[in-house]
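Student: This structure is in structure tokens; I'll ask about it shortly.
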Amino acid sequence: MPKKGSIKPNSEMHARYHKMRINGKQVNVARYILEQKIGRPLQSSEYVHHINGEKLDDRPENLELVTPKSHSAIHLVGKVGCRKGKHHTPESKSKISAARIGKPGPRYWLGKHPSPETKAKISASLKGRPSPNKGKITSPETKAKISISMKRKLSRIRD
């Protein structure tokens with residue numbers, strides 16, 4: 001049985017981080033050291049990252065406070081299937097578009113717009129129904145945003 005406050009690797013833990021007991025409560029040593037370094041308790045939404053990648057190296061200069069999202073990004077960089085921070089080249093985008101032509105999916109995948117006949121059918125089916133926005137009060141800022149959005153949509157359709 002380890003002494004009170006002593007550090008031991010916890011073999012039951014899948015990550016095998018150092019653990020220790022403080023006032024009868026088992027704590028992660030890296031979290032405890034980082035709390036002492038920054039001068040406040042860590043929130044459950046804050047993670048400790050070992051800069052050099054060694055889980056058992058709990059020196060204060062090797063620990064940094066990160067968010068769960070940034071911690072995942074750090075560990076996923078370069079892994080298969082991870083696209084974080086990477087974008088398709090124009091060449092690969094054209095290959096993807098060519099591969100999707102004729103396959104079912106949203107209209108924007110296929111690059112198609114509804115035909116005039118389809119537009120007429122949709123318009124006829126909606127005749128007599130009240131506008132879903134009728135009676136809603138919108139601020140001048142929202143009206144301006146809607147106007148800009150509609151102008152963009154119309155310019156895309158005309159092009």
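The values are calculated or read from the model by the stated rules, or taken from the named source; none is laboratory data. Fair warning: this is a prediction, and the values are worked out from it, not measured in the lab. Quick reminder, even Gly has a Cβ in these numbers, built from the backbone with ideal geometry, and neighbours come from all protein chains shown.
Student: Grab the helices (runs of 4 or more DSSP H) fully contained in region 101-159, keeping just those with 1 or more residues being surrounded by fewer than 10 Cβ atoms within 10 Å (Cβ to Cβ), acidic (Asp, Glu) and at pLDDT 85 or above.
Tutor: Those helices (runs of 4 or more DSSP H) span 116-126, 140-158.
Student: Still on this model: Applying the selection to region 61-73, what residues are surrounded by 12 or more Cβ atoms within 10 Å (Cβ to Cβ) and part of a helix (DSSP H, G or I)?
Tutor: Those that are surrounded by 12 or more Cβ atoms within 10 Å (Cβ to Cβ) and part of a helix (DSSP H, G or I): ASN62, SER70, HIS71, SER72, ALA73.
Student: Turning to a different aspect of this structure: Just to be sure I understand, how many residues within region 14-58 are touching a residue at least 24 places away in the same chain (Cβ under 8 Å), more than 22 Å from the chain's Cα centre (by Cα) and not in a helix (DSSP H, G or I)?
Tutor: 7
Student: Could you figure out which of (1) loosely packed, with under 10 Cβ neighbours inside 10 Å; (2) modelled with pLDDT under 85 isn't true of LEU76?
Tutor: (1)
Student: Taking only region 17-41 into account, find how many residues are crowded, with 16+ Cβ neighbours inside 10 Å and either of a type in the set (A, V, I, L, M) or more than 25 Å from VAL77 (Cβ to Cβ) (or both).
Tutor: Residues in region 17-41 being crowded, with 16+ Cβ neighbours inside 10 Å and either of a type in the set (A, V, I, L, M) or more than 25 Å from VAL77 (Cβ to Cβ) (or both): 9 in total.
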